[in-house]
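Everything below concerns the one structure shown next.
The values are calculated or read from the model by the stated rules, or taken from the named source; none is laboratory data. Remember, predicted model here, so these are calculated numbers, not experimental data. Here the Cβ positions follow ideal geometry from the backbone for every residue, glycine too, while neighbour counts run over all protein chains shown. The protein model used for the area step is the full one, side chains on, heavy atoms only, and it has no ligands, DNA or RNA in it. Shrake-Rupley method; radii C 1.70, N 1.55, O 1.52, S 1.80 Å.
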Amino acid sequence: MRTKSKRARLCPVCGKPMRKNGRTKAGSQRCKCTDCSLGVTAPRPDRKHDADLRAFLDWLLSGRTQGDMGPGPRALRKRIQWCWNVRPVIPPPIVRHHTVMADGTYMNHGWCLIVAVDGESGEVLGLRWCAHESKAAYMALFSRIPAPDVLITDGLHGAETACNAAWPDTRIQRCLVHVQRNTRADLTSKPRLDAGKELKKLSDRLTKVHDAEQAARWGEALNAWHLRWGDFINERTFARDDPTNPKATRREWWWTHQEVRRCYRRLERLFREGKLFAFLEPALTAGGPVVRTTNRLEGGVNSPLKHVLLDHHGLPEEHMRRACEWVRYMKSGSPDPASLIRPEHRSPARPSPAEEDGDTGAPEYGTGISWDEFHTHVGRRFDC
């Protein structure tokens, strides 16, 4: 005789194990007791909750409208309303990664979301909400991630300072595309001066360097540029010689060609510190390839996030943050949305009476302003 499973549903009348007896039209499992012939339905609310969360993520991440998701927008909103209470949390990585990319994205309501991803696969390793990309914000993110061999960043001071503090042995590879953007910001796309034209050509050649020999020739070309234009970028303008210049009101002198000078000093410093061509060093490439741009982070993570916010523009602040967290979570190593569902998500705790009776700023009984408090009533006098 076949032994009943220990996980079999027990009869609510006689307490004996029940057997499966088909399914209802809605798909719920029916069970029947072999002793008292009692039939019951065994609903699976967990499957319903999983289906609701899948529908929520399908609408949130696919760019489809609420009207395209089923019977109607109102029915969908009522079905997935509780899903906004589920907050996806990416667990801290345990495995050490060879390369890590980090960058921040600014959005509405004054928030910035800093994200760290694996430099090779694009897997999201962690995120951090902050007001701006400061050292403290990056430190809070880097402290949860094992130190990689190389950090690829866009060059913001907060990220590099936090890297030196949290990961002292990690090398920094500056994103070459961002270096070229900084050059265009200083010199424009079409420089007017000959020195600026030559320097922009050098900057444009950065992404065409593929081996150590080309990197060495690029450094020689930068040094040759400085030999030709060193005196030019050291020229000064004194306030007494140009009193109509707005700078003359707060300075005694300034660099005449400040933009060209700033651009050269940036390129020279990055080359001297080894942040331009770290991706070519044999000691670093021995552990795996090192990318030289943050394109994988910008295009694989930040771009889909911006599309989601554009598709659902007008979200409340809390829903906007939750949508961003879901985009990041679904790009993590092993996303499992169903495992995040908790009973309290379906019926969140209501605020206590003390919280409900908090001061809202509106005048209550006995606290409003009375006209009689500022005026004295005087009766009419009749003179005889």
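Can you work out the FRET efficiency for the pair Trp255 and Ser339, with r the C-beta to C-beta distance and R0 = 56 Å, to the nearest 0.05?
E between Trp255 and Ser339, to the nearest 0.05, is 0.45.
Size of the dipole of the chain about the Cα centre, Lys and Arg at +1 and Asp and Glu at -1 on the beta carbon, nothing else charged, in debye to 20?
Charge dipole of the chain: 2220 debye, to the nearest 20.
What does the helix-only formula give at 222 nm for the chain: each DSSP H stretch with n ≥ 4 adding -39500 (n - 2.57), the total divided by the residues, and the result rounded to the nearest 500 deg cm²/dmol?
Result for the chain, helices only: -11000 deg cm²/dmol.
Compute the distance in nm between two label points, each set 7 Å from the Cα along the Cα-to-Cβ direction, one at Val13 and one at Glu268.
9.4
Using a 1.4 Å probe on the protein chains only, how many percent of the accessible area of the chain belongs to carbon and sulfur?
C and S atoms contribute 51 percent here.
Would region 114-179 count as rounded, prolate or oblate if I go by the C-alpha gyration tensor, calling it rounded below 1.5 in a/c and otherwise prolate when a/b exceeds b/c, oblate otherwise?
Because its axes are fairly even, with a/c under 1.5, region 114-179 counts as rounded.
Taking H as built 1.01 Å from N, whose amide H comes closer than 5 Å to the amide H of Thr34, not counting residues under 5 places away?
Arg19
Give the residue from Pro168, Ile114, Ala55 lying farthest towards the positive end of the charge dipole for region 52-183; charges sit on Cβ (+1 for Lys and Arg, -1 for Asp and Glu) and the dipole is referred to the Cα centre.
Farthest towards the positive end: Ala55.
Can you pull the one-decimal nm distance between simple spin-label points at Ala165 and Leu227, each 7 Å off the Cα toward Cβ?
It works out to 4.2 nm between the two label points.
Solvent-accessible area per residue for region 214-321 at a 1.4 Å probe radius, Å²?
58
What FRET efficiency comes out for the pair Met139/Lys247, r = Cβ-Cβ distance, R0 = 41 Å, nearest 0.05?
Result of the calculation: an efficiency of 0.65.
May I ask you to list the lysines whose Cα is less than 27 Å away from that of Lys306, ignoring any residue fewer than eight positions away on the same chain?
Answer for Lys306, where 27 Å is the Cα cut-off: Lys78, Lys135, Lys331, listed by chain and number.
Apply the Karplus parameterisation 6.51 cos²θ - 1.76 cosθ + 1.60, with θ equal to phi minus 60°, to every residue of region 333-344 and state each ³J(HN,Hα) to the nearest whole Hz, in sequence, with x for glycine and proline.
x, 9, x, 9, x, 5, 6, 8, 6, 10, x, 5
Between region 224-276 and region 18-94, what's the alpha-carbon centroid distance in Å?
About 65 Å separates the Cα centre of region 224-276 from the one of region 18-94.
Quick check: convex hull of the Cα atoms in region 186-246, volume per residue, rounded to a whole Å³?
102
Of (1) 22.6, 71; (2) 32.5, 119; (3) 20.2, 64, which is the value of Rg and Dmax of the Cα atoms in Å derived from the coordinates here?
Label of the calculated value: (2).
Hey, if you put +1 on the Cβ of every Lys and Arg and -1 on every Asp and Glu Cβ in the chain, which of Thr256, Cys11, Ala137 ends up farthest toward the positive end of that dipole?
Cys11
With θ set to phi - 60°, apply the Karplus curve 6.51 cos²θ - 1.76 cosθ + 1.60 along region 9-22 and write out the HN-Hα couplings as whole Hz, x wherever there is a Gly or Pro.
5, 8, 5, x, 9, 9, x, 7, x, 9, 10, 5, 9, x
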